[in-house]
Amino acid sequence: MSIAENIHRTEQELTGTAARLVVVTKTHPVEKLQEAYDAGARIFGENRPQEMAAKQPQLPADVEWHLIGQLQTNKVKLLAPFVHTVQSIDSLKLLRELDKHAAANNRIINGLLQFHIAQEETKSGLSLSEAEEILASEEFRQLQHVRLTGVMGVATFTHDETQLRQEFQQLRSYFEQLKTTYFASEPAFSEISMGMSGDYPLAVAEGSTLVRVGSAIFGSRG
């Protein structure tokens, strides 16, 4: 199936749900991204800041760029002029750097707090207590140019649907706790980014608002 057919099929599956499609474009050439754009995709997710910064000028200006991989503070300046959302926020240090560079570019950058929900140690992310420590800090309250809009998590790589559902439910419960405690008066705090090519239907059933789909659209890399 073509990229366009895969996008249309995925969009159809998401019709009537709260979820929107983030097309994971990492490692794919700009021509393939343009195909996805022509098929109606507007949210692109990249893992590497350098790759995203190289592709961004070659695509239409209304693409909404999301960084979904880990972001080192020394790479923030590459993305600050254009990135819409950094889905992988895992420290106050990173929030501080995003705030500084967003201010220099006279804009606001959105961010999602990344939580560790998988049973694999290699996956990164915050615990609930670490996130609450950030949100309760005076320093966080001073930030003017970075806006937290929700949470993100990567589930365990498994075919065990019960385990996947539990991990997605855990992320949703973190979202609801943070929403109630810290963001009750902020409607922008509304995103739950969970679900990838192999498990996004389960994630959508558990309340995902952003699914990150790459191989189901572009085919397996290799």
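The values are calculated or read from the model by the stated rules, or taken from the named source; none is laboratory data. Just so you know, these numbers come straight off a predicted model, no measurement behind them. Positions of Cβ are generated from backbone atoms using ideal geometry, with glycine treated the same way; all protein chains shown enter the neighbour counts. Just the protein is used for accessible areas: all its heavy atoms, side chains included, with ligands, DNA and RNA removed. Shrake-Rupley method; radii C 1.70, N 1.55, O 1.52, S 1.80 Å.
Once you've got the GNM for the chain with C-alpha springs shorter than 10 Å, pick whichever of 16, 195, 150 has the biggest mean-square fluctuation.
16
Under 8 Å for C-alpha pairs, at least 6 residues apart: give me the relative contact order for segment 51-194, rounded to a whole percent.
Numbers: 215 pairs, mean separation 29.9, N = 144.
Relative CO of segment 51-194 lands at 21 percent.
State the answer as a single residue: which of 134, 195, 157 lies farthest towards the positive end of the charge dipole of the chain, with beta carbon charges of +1 for Lys and Arg and -1 for Asp and Glu, about the Cα centre.
With unit charges placed on the Cβ atoms, the residue in question is 134.
What accessible area per residue comes out for segment 180-222, rounded to a whole number of Å², with a 1.4 Å probe? Could the numbers behind the result be given before it?
On the way: 1800 Å² over 43 residues.
Heavy-atom SASA per residue in segment 180-222 reads 42 Å².
Of the accessible area of the chain, with the probe set at 1.4 angstrom, what percent is carbon plus sulfur?
Roughly 48 percent, rounded to a whole number.
Quickly work out the residue 38-to-residue 185 label distance, labels modelled 7 Å from Cα along the C-beta direction, and quote it in nm with one decimal.
5.0 nm
Place +1 on the Cβ of every Lys and Arg and -1 on the Cβ of every Asp and Glu in segment 74-174, take the dipole about the Cα centre, and give the residue among 114, 171, 98 whose Cα lies farthest towards its positive end.
The listed residue farthest towards the positive side: 98.
Given a Förster radius of 30 Å and the C-beta distance between residue 17 and residue 91 as r, what FRET efficiency does 1/(1 + (r/R0)^6) yield to the nearest 0.05? Let's see the in-between values first.
Working: r = 31 Å, r/R0 = 1.05.
Result of the calculation: an efficiency of 0.45.
Provide the FRET efficiency to the nearest 0.05 for the residue 139-residue 159 pair, computing r from the beta carbons and using R0 = 35 Å.
Details: r = 42 Å, r/R0 = 1.20.
Plugging the Cβ-Cβ distance into 1/(1 + (r/R0)^6) gives 0.25.
What size of dipole, in debye to the nearest 20, comes out for the chain about its Cα centre when the only charges are +1 on Lys and Arg C-beta atoms and -1 on Asp and Glu C-beta atoms? Walk me through the numbers before you get to the answer.
On the way: 21 positive and 28 negative charges, 125 e Å.
In debye, rounded to 20, the chain gives about 600.
Which of 43, 25, 60 sits farthest toward the positive end of the charge dipole of the chain, with +1 on the Cβ of Lys and Arg and -1 on the Cβ of Asp and Glu?
Most positive-ward Cα: 60.
Let a ≥ b ≥ c be the square roots of the eigenvalues of the Cα gyration tensor of segment 1-84; is it rounded (a/c under 1.5), or, if not, prolate (a/b larger than b/c) or oblate?
prolate
Taking segment 1-94, which trypsin sites (Lys or Arg not before Pro) meet the DSSP loop condition and have no more than 15 other C-beta atoms within 10 Å? Each step should come with its number before you reach the end.
Details: sites: 9, 20, 26, 32, 42, 55, 75, 77, 93; in loops: 26, 42.
Counting only loop positions with at most 15 other Cβ atoms within 10 Å, the trypsin sites (Lys or Arg not before Pro) in segment 1-94 are 42.
First check a/c for the chain, with a ≥ b ≥ c the square roots of the eigenvalues of its C-alpha gyration tensor; if it is under 1.5, answer rounded, and if not, answer prolate when a/b is larger than b/c or oblate otherwise. Intermediate results must be reported in sequence, preceding the final value.
Values: a/c = 1.74, a/b = 1.15, b/c = 1.51.
Taking the square roots of the gyration eigenvalues as a ≥ b ≥ c, the chain is oblate.
Mean residue ellipticity at 222 nm from the helices of the chain, using -39,500 (n - 2.57) per DSSP H segment of n ≥ 4 over the full residue count, to the nearest 500 deg cm²/dmol? Numbers along the way, then the final one.
Values: 10 runs with 91 residues, N = 222.
That comes out to -11500 deg cm²/dmol.
Only four residue types carry charge here, +1 at the Cβ of Lys and Arg and -1 at the Cβ of Asp and Glu. Report the dipole size of segment 80-132 about the Cα centre in Debye, rounded to the nearest 20. List each step's numbers first, then the result.
Details: 5 positive and 7 negative charges, 64 e Å.
The calculated dipole for segment 80-132 is roughly 300 debye.
Not counting ligands, DNA or RNA, and with a 1.4 Å probe, what is residue 90's accessible surface area in Å² rounded to the nearest 10?
For residue 90, the solvent-accessible surface is approximately 50 Å².
Modelling each spin label as a point 7 Å along the Cα-to-Cβ direction, I'd like the residue 59/residue 122 distance in nm, to one decimal.
Label-label distance for residue 59 and residue 122, simple model: 2.6 nm.
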